[in-house]
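**Student:** Here it is: the structure, laid out below.
The values are calculated or read from the model by the stated rules, or taken from the named source; none is laboratory data. If you're wondering where the values come from, they're calculated on a predicted model, not measured in any experiment. Cβ placement follows ideal geometry from the backbone for every residue including glycine, while neighbour counts extend to all protein chains displayed.
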């Protein structure tokens, strides 16, 4: 696992052998000014991955974001799709409002994802998505 970026609001790592990006979101994002390098850091991460990569996103420590950061989240997801994202597994907590906000982001961007409360199950599902994408 190679760490690409870490700050109080997110951590981005990659596993090149799995062709997988790991994104852990933290705290409350009330402004894009809190995460000025977010899109650049995601670009750096995808530069080491190949087409048909997957993402495991951990949102269990993320609080419902302010509406002003909606655009940066959808931009990030569109960027990832352009770079070859095939599937996203999202680890979610019990906060239904946060889940609704995150769902709005992915519906707007068109990012395919599934929800999990267990990382092992999420990893298995992502591996299956990669196998299925190779068959298509």
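**Student:** Cβ contacts < 8 Å: first residue at positive phi, restricted to the range 66-88; second residue outside any helix (DSSP H, G or I) and modelled with pLDDT of 85 or more, any location; separation 6+ or different chain. Result?
**Tutor:** Here the result reads 84/49; 84/50; 84/51; 84/52; 84/53, each pair linking the range 66-88 to a residue that is outside any helix (DSSP H, G or I) and modelled with pLDDT of 85 or more.
**Student:** Can you pull out every residue in the range 1-38 that is under 12 Å from residue 69 (Cβ atoms) and either touching a strand residue (DSSP E or B) at 6+ places or on another chain (Cβ under 6 Å) or assigned to a helix (DSSP H, G or I) (or both)?
**Tutor:** 9, 10, 25, 32, 33, 34, 38
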